[in-house]
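Undergrad: Next up is a structure, given as structure tokens.
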């Protein structure tokens with residue numbers, strides 16, 4: 001029987017996926033020069 | 001990692017409302033982090049202009065200290081809480097973006113060494129934690145949670161293991177409080193120890209990544225030493241995080257075999273569920289960087305974006321650390337955790353010295 005996924009695990013998973021999605025989106029914006037160079 | 005995770009939007013809650021509720025806390029994170037950066041730069045300008053010799057105190061420390069002072073004096077009002085809790089999200093985004101600063105070959109080399117050392121450290125620390133847990137008369141499942149928390153990924157590992165081994169809420173909250181308290185101490189103790197032992201950036205980064213529990217604290221402890229050490233600490237900690245599923249599965253099988261936890265059905269699915277997916281993002285960005293997808297100035301921009309994300313994380317580490325709450329835990333879990341942490345720190349330091357000598361870091 002499939003073990004139910006705990007709500008915390010689901011939240012953790014979504015958090016990871018949102019973080020990866022945002023990072024990839026930023027990487028593409030940088031790659032295609034759609035945002036100005038980011039300075040520190 | 002952390003006690004609280006930012007909740008994704010639910011069906012009943014509009015995404016717009018959710019973003020609005022995050023704004024005050026996000027602005028507070030940005031203000032505290034930027035204040036830390038401003039103080040570092042102001043001191044550097046002043047001491048340079050006046051020819052004063054003064055050690056550079058990194059923005060990381062200022063951001064954490066400002067956050068700690070706010071959280072433990074006036075406190076963080078409820079309206080800021082949701083936004084402040086996103087610091088773990090910024091940590092993960094920062095780690096994924098940091099992948100651009102690694103060639104895949106470096107990850108395989110240093111990650112492979114980390115994996116080997118982590119396996120040694122885990123085996124030794126589990127045996128040791130169970131020994132002292134028994135000596136202090138702790139409940140076996142509380143000892144299991146402390147062992148998982150101190151050898152893998154701090155609070156995230158405890159949260160992942162709790163349902164799998166059938167531990168109760170009280171055990172989980174004791175273990176989380178102990179791991180958070182020890183993480184806060186490690187944050188300041190590790191850089192001091194590293195400097196007094198004259199460790200190289202690579203050796204120190206590897207040590208911090210292998211021994212400091214929570215990812216946010218390990219990242220901060222590395223960055224407090226140097227930029228290069230921070231990079232290595234993140235890589236070593238990410239390797240450690242990737243093992244979370246295997247360790248939780250081993251514990252779940254152990255407690256299930258004693259009839260004190262639910263049986264694990266599909267083991268591959270279990271491992272996949274527990275695997276931290278941001279590690280895949282980190283590897284993907286590193287692969288793209290290795291294949292020459294980004295130009296040099298673009299790689300610099302990505303590295304700076306990663307720094308900005310970590311700036312928010314470090315502010316959050318301070319703002320989420322309540323010394324009062326940490327003091328409320330029982331002394332026994334803290335004592336077992338502290339003795340275990342010192343043991344792990346010594347074992348990993350020995351392993352890092354050995355790796356430096358024989359595996360050429």
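Undergrad: If you project the alpha carbons of the stretch B:121-188 onto the principal axes, what extent comes out on each, in Å, largest first?
TA: Projected onto its principal axes, the Cα set of the stretch B:121-188 covers 32, 23, 20 Å.
Undergrad: Restricting to Cα pairs below 8 Å that are 6+ residues apart, what does the relative contact order work out to for chain B? Please round to a whole percent.
TA: On the way: 551 pairs, mean separation 106.4, N = 361.
It comes to 29 percent, rounded to a whole number.
Undergrad: So if I restrict to the alpha-carbon atoms in the stretch B:244-313, what is the Rg, and what is Dmax, the biggest pairwise distance, in Å?
TA: That works out to 19.0, 57 Å for Rg and Dmax.
Undergrad: Follow-up question, since we're still on this one. Would you kindly give the portion of the calculated P(r) for the stretch B:44-96 that falls above 17 Å, as a percent of all Cα pairs?
TA: Details: 819 of 1378 pairs.
When every Cα pair of the stretch B:44-96 is considered, 59 percent fall beyond 17 Å.
Undergrad: Averaging the inverse of every distinct alpha carbon separation and then flipping it gives the Kirkwood radius. What is it for the protein assembly as shown, in angstrom units?
TA: Values: mean 1/r = 0.0466 Å⁻¹.
One over the average 1/r among Cα pairs gives 21.5 Å for the protein assembly as shown.
Undergrad: I would also like to ask the following. Over its Cα atoms, what ratio of radius of gyration to 2.2 N^0.38 Å does the stretch B:147-267 give? Can you show the working numbers first?
TA: Details: Rg = 15.9 Å, N = 121, 2.2 N^0.38 = 13.6 Å.
Rounded to two decimals, the normalised Rg is 1.17.
Undergrad: Quantify how strongly other chains surround peptide B:289-301 by giving the mean number of their Cβ atoms within 10 Å of each of its Cβ atoms. If you can, show how the numbers build up before the last one.
TA: Numbers: counts 1, 0, 0, 0, 3, 3, 3, 0, 4, 7, 1, 5, 12.
So the per-residue partner count for this stretch is 3.
Undergrad: I would also like to ask the following. Quick one: compute the contact order of the stretch B:5-136, relative version, from alpha carbon pairs under 8 angstrom and 6+ residues apart, as a percent.
TA: Working: 71 pairs, mean separation 44.1, N = 132.
Result for the stretch B:5-136 is 33 percent.
Undergrad: While we're here: How long are the semi-axes of the ellipsoid equivalent to the stretch B:1-153, from square roots of 5 times the Cα gyration tensor eigenvalues, in whole Å, largest first? Don't skip to the end; give the middle numbers.
TA: Working: eigenvalues 221, 143, 83 Å².
Sorted largest first and rounded, they come to 33, 27, 20 Å.
Undergrad: Which one of B:158, B:70, B:95 has the biggest mean-square fluctuation once chain B is modelled by GNM with Cα springs under 10 Å?
TA: B:70
Undergrad: Gaussian network model of chain B, Cα springs within a sub-10 Å range: biggest mean-square fluctuation belongs to which of B:301, B:156, B:226?
TA: Greatest mean-square fluctuation among the candidates belongs to B:301.
Undergrad: Across bins of 20 angstrom width beginning at 0, how are the C-alpha pair distances of chain B distributed, in whole percent?
TA: 29, 60, 11, 0
Undergrad: Would you mind ranking B:247, B:336, B:264 so that the residue whose beta carbon has the fewest other beta carbons within 10 Å leads the list? Mind dumping the intermediate values first?
TA: On the way: B:247 22, B:336 27, B:264 17.
Listing B:247, B:336, B:264 from fewest to most nearby Cβ atoms yields B:264, B:247, B:336.
Undergrad: Order of B:243, B:206, B:323, B:287 from fewest to most other C-beta atoms within 10 Å?
TA: Numbers: B:243 21, B:206 31, B:323 11, B:287 15.
Neighbour counts put them in this order, fewest first: B:323, B:287, B:243, B:206.
Every read-out reported here was derived from the displayed coordinates using simple, explicitly stated rules and does not represent laboratory data. Source: prediction; values computed, not measured. Note: ideal-geometry Cβ built from the backbone for every residue, glycine included; neighbour counts use all protein chains shown.
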